[in-house]
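To keep things clear, I will list the structure first and then write my remarks on it.
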Amino acid sequence: MVLYFENQHRFNFDFETASLAFINRYPNPYAKHVLSVDTLESYVDKQGRLCTTRIIVKTGKLPKFIKPFLGVANLNSWIIEKSIINPKTNTLISYTSNIDHRKFIRVEEYLKYSGGREQNSNGALGTTIVDSKVKFSSNLFGLKSKIEEWSHKRFMKNIQNTREGLNFVMMKVKEKGRNYLTNGKRSADM
């Protein structure tokens, strides 16, 4: 059995702010489990879209029932993230997946950020809708369903922190202006 999670969320920020925050979302106080982010590739294609590939290393707790098989309670995971930001259509698409521990669990996340021109709750023009679809699949014989269900529940529990972290970065961008991300004060402010 493969489990899916689908959701839609609205941020009260324009697309430019939301896409800038997406690329710069780590570090933030809601993502202490993120150990590092490295950009492997970043370029602007012929259509004027920013295409980026990054590796993100995260740490996390494993379910107690899996510890006898792996011998540890905490485990680092390497995540590949591919994103395309199209400023002409105000869209950002992203694909992330773990590149290790795939026999245990494979988590694939597909995101689409879409910018709108309607008035947000702050009274300014611009909102951003995020459509997400996440696929949980395990190949561990005998524990497949249990692992997928545990991963699905954990993801649903953690999604609020993800949103709060992105919202935090968007607020900082708005408060301090676009220079906030490049003036060297970013890590000291967090």
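Can you pull out every residue in region 12-53 that is among the hydrophobic types (A, V, I, L, M, F, W, C) and more than 19 Å from Ser83 (Cα to Cα)? Of everything in region 12-53, those that are among the hydrophobic types (A, V, I, L, M, F, W, C) and more than 19 Å from Ser83 (Cα to Cα) turn out to be Phe13, Ala31, Leu35.
Within region 3-20, not a single residue is assigned to a strand (DSSP E or B) and among the small types (Gly, Ala, Ser). From the list Ile66, Ile79, Ile56, the one residue that fits, being of a type in the set (A, V, I, L, M), outside any loop (DSSP other than H, G, I, E, B) and modelled with pLDDT under 95, is Ile66.
Would region 73-83 turn up any residue that is within 26 Å of Ile129 (Cα to Cα), open to solvent by 60 Å² or more (accessible area, probe 1.4 Å) and in contact with a Phe, Trp or Tyr (Cβ under 6 Å, 6 or more places away or on another chain)? Yes, that holds for at least one residue. Of the residues examined, Lys172 is one that is modelled with pLDDT under 95, buried (at least 17 other Cβ atoms within 10 Å of the Cβ) and under 16 Å from Asp14 (Cα atoms).
The values are calculated or read from the model by the stated rules, or taken from the named source; none is laboratory data. Remember, it's a predicted structure, so these values are computed and weren't measured experimentally. Please note: Cβ atoms are built from the backbone with ideal geometry, for glycine as well, and neighbour counts cover all protein chains shown. Remember, those area values only see protein heavy atoms, side chains included, never the ligands or the DNA or RNA. Shrake-Rupley method; radii C 1.70, N 1.55, O 1.52, S 1.80 Å.
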